[in-house]
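Okay, structure first, notes after.
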Amino acid sequence: MNDIKALLQESARWHSHLCPRQVLGVRMGLAGLAALGLDPNRGESKRLLLISETDGCFVDGLIAVSGCTVGHRTLRVEDYGKPAATFVDVQVGRCLRVAPHGEVRARAAAFMPEQTDSYQAQLLAYQSMPVEDMFVFQEVRLLQPIEQIISLPGLRVLCDGCGEEIMNAREVLRAGQVLCQACAGAGYYCAAGEMD
Ligand SMILES: [Zn+2]
Ligand SMILES: [Zn+2]
């Protein structure tokens, strides 16, 4: 699992390029798993829920290390536009948020003084810089219970508004009605022409 070259190859395969953000994701994935004492090679990725705070190249680095995916319901994106992630050991309820150190770019440049190009410096430095120079770790508590986030598979109800099926207990109960997020007014879309 600690063969960083192989993990970077895995991550880059989906992109046809390797960039600093993927390296950051791979290193953060390794650091987060190590801090929780989990090893996905021993099938322990099922114990892990990863909450990434951005999408894009960074999260592919995390996936390459952890094996967590949206399809396996072990990866969620809370899009804050930040290359940070919370590693949740669902078995023991421990939540560890890992974020890049505020000075990680400057430290990468200092780590690779012969590199004048900052992109190249980051690409190389992130592969071998000491973990403690790259990341800050913070024990956190999730505001929603883990059981609620994961929910139970197989739960299904029909929305009283639109009639569509809602899985995983994502419905909203309001005035005796069972509503989907969209009908409850918390949707990310509205009908075309509705928005003025
Ligand atoms: Zn990229
Ligand atoms: Zn609905």
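The values are calculated or read from the model by the stated rules, or taken from the named source; none is laboratory data. Not measured: the values here are computed from a predicted model. Cβ atoms come from the backbone with ideal geometry, glycine included; neighbour counts cover every protein chain shown.
Summed over region 153-196, the residues that are assigned to a loop (DSSP other than H, G, I, E, B) and surrounded by 10 or more Cβ atoms within 10 Å (Cβ to Cβ) give a count of 14. For residues that are small (Gly, Ala, Ser), surrounded by fewer than 20 Cβ atoms within 10 Å (Cβ to Cβ), at pLDDT 95 or above and more than 16 Å from Met28 (Cα to Cα), tally how many sit in region 94-123. Qualifying residue count for the region: 3. Inside region 130-152, residues that are touching a residue at least 24 places away in the same chain (Cβ under 8 Å), surrounded by 10 or more Cβ atoms within 10 Å (Cβ to Cβ) and assigned to a loop (DSSP other than H, G, I, E, B) make up a count of 2. Kindly indicate whether Gly29 is in contact with a Phe, Trp or Tyr (Cβ under 7 Å, 6 or more places away or on another chain), not in a loop (DSSP other than H, G, I, E, B) and not aromatic (Phe, Trp, Tyr). In short, no.
Checked against the criteria, Gly81 counts as on the phi > 0 side of the Ramachandran plot and modelled with pLDDT of 95 or more. Restricting Leu8, Leu50 to residues that are in the same structural domain as Gln127 (by TED's automatic domain parsing), more than 11 Å from ligand 1 (Cβ to nearest atom) and without any contact (Cβ under 8 Å) to a residue 60 or more places away in the chain narrows the list to Leu50.
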